[in-house]
Amino acid sequence: MAQEMIEGINPTRMELLKLKDKEKLAVEGHSLLKEKRNALIMEFFNILERVKGSRKNVEKQLAEAYKDLATAQITMGDMAVRKASLAVKESVEVDIDSRSIMGVVVPVIESKTTKTRTMVERGYGFVDTSVKLDEAAKKFEESIKLIIELGEIEKTILLLAKEIESTKRRVNALEHIIIPRIENTVKYIDMRLEEMERENFVRLKMIKKTMEME
């Protein structure tokens, strides 16, 4: 199998110097990209552990909230629970910012709901409601905070995974295509320059010999 080279390159010393500079930059870039890829992979797996824990927390909190809600429905009746839910005021506000992980911009989402609300703040009162309904409401509010956190982490995971894949492709392209082509072209030009020097030497020798015979 023929070694691939860069096409359209003239075998001159000037081109050889340019190619050697390109080879140096490509090797340095390859090294930096490998470091970036490894750092991103490490960060990816660190955050992946957080995702697993965050999902478990969300599932556990929601399961407890739905359990309390079911108990409230049995105690109060489904219609009363629906009536109380219609009175609940919306309270979820979030701030969305960003930060950089190895050049990857990822979201930072912060919920403005920092304290547990009372029944009055939610929009329903003590009349015709049960303690279990209030407990269910608290747990659903806490679940929302956890879901927001989980959303931030999962989006970060997706963005890191995309950047890792992109960086891997660039590393592979440099390692298996670009750098080998430059190296092969450098070797070819070196070989051609040596051949040209030998040809010139032989030509000069023949000219000298011809002049001496005249």
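The values are calculated or read from the model by the stated rules, or taken from the named source; none is laboratory data. Remember, predicted model here, so these are calculated numbers, not experimental data. Using ideal geometry, Cβ is built from the backbone for each residue, glycine included, and neighbour counts are taken over all protein chains shown. Ligands, DNA and RNA are stripped out before the accessible areas are found, and what is left, the full protein with its side chains, is counted by its heavy atoms. Shrake-Rupley method; radii C 1.70, N 1.55, O 1.52, S 1.80 Å.
Neighbours of Ala26 by Cβ distance under 14 Å: Lys/Arg scored +1, Asp/Glu scored -1, total +2.
Once the 1.4 Å probe is applied to the protein heavy atoms, the chain comes out at 71 Å² accessible per residue. I'd like the orientation of helix 131-173 relative to the chain: the angle between its Cα long axis and the longest Cα principal axis, in ° from 0 to 90, rounded to 10. That works out to roughly 10 degrees. The label-point distance for Ile207 and Ile96, in a model that sets each label 7 Å from Cα toward Cβ, rounds to 7.4 nm. Dividing the summed helix terms, -39500 (n - 2.57) for each DSSP H run of n ≥ 4, by the number of residues in the chain produces a 222 nm estimate of -26500 deg cm²/dmol to the nearest 500.
For the chain, the Cβ-based charge dipole about the Cα centre amounts to some 140 debye (Lys, Arg positive; Asp, Glu negative; other atoms uncharged). Sorted largest first, the spans of the alpha carbon positions of region 132-179 along the three principal axes are 67, 10, 7 Å. Computed from Cα atoms, the angle from the helix 13-76 axis to the main principal axis of the chain rounds to 10 degrees.
When each of the peptides 51-57, 160-166 is scored by the mean number of other C-beta atoms lying within 10 Å of its residues, the order from highest to lowest reads 160-166, 51-57.
Shown are Thr210, Thr167, whose ranking by accessible area with a 1.4 Å probe and every protein chain present, most to least, is Thr210, Thr167. Using the Karplus relation 6.51 cos²θ - 1.76 cosθ + 1.60 with θ = phi - 60°, the per-residue 3J(HN,Hα) values for region 195-209 come to 4, 5, 5, 5, 4, 5, 5, 5, 4, 5, 5, 5, 5, 4, 5 Hz, with x marking Gly and Pro.
Roughly how tilted is helix 78-87, in degrees to the nearest 10 and between 0 and 90, from the longest Cα axis of the chain? That helix lies at roughly 60 degrees to the long axis.
Expressed as a whole percent, the accessible area of the chain that falls on carbon and sulfur atoms is 58 (1.4 Å probe).
Taking a straight line from the alpha carbon of Lys22, these aspartates and glutamates sit under 16 Å away, with near neighbours fewer than eight places off in the same chain left out: Glu7, Glu175, Glu183, Asp190. Heavy-atom accessible area with a 1.4 Å probe sorts Phe201, Phe44, largest first, into Phe201, Phe44.
Of [x] 1.11; [y] 1.46; [z] 0.93, which is the value of Rg/Rh (Cα atoms, Kirkwood Rh) derived from the coordinates here? It is the one labelled [y]. Along the axis of the charge dipole computed for the chain (Cβ charges of +1 for Lys and Arg, -1 for Asp and Glu, origin at the Cα centre), the listed residues Thr210, Ala26, Ser85 are led at the positive end by Thr210.
In this structure Arg170 has an accessible area near 120 Å², from a 1.4 Å probe over the protein heavy atoms.
FRET efficiency for the Ala173 to Arg50 pair, using the beta carbon distance and R₀ = 41 Å, is estimated at 0.80.
Taking a ≥ b ≥ c as the square roots of the eigenvalues of the Cα gyration tensor of region 154-214, is the shape rounded (a/c under 1.5), prolate (a/b larger than b/c) or oblate? Prolate, since a/c reaches 1.5 and a/b exceeds b/c.
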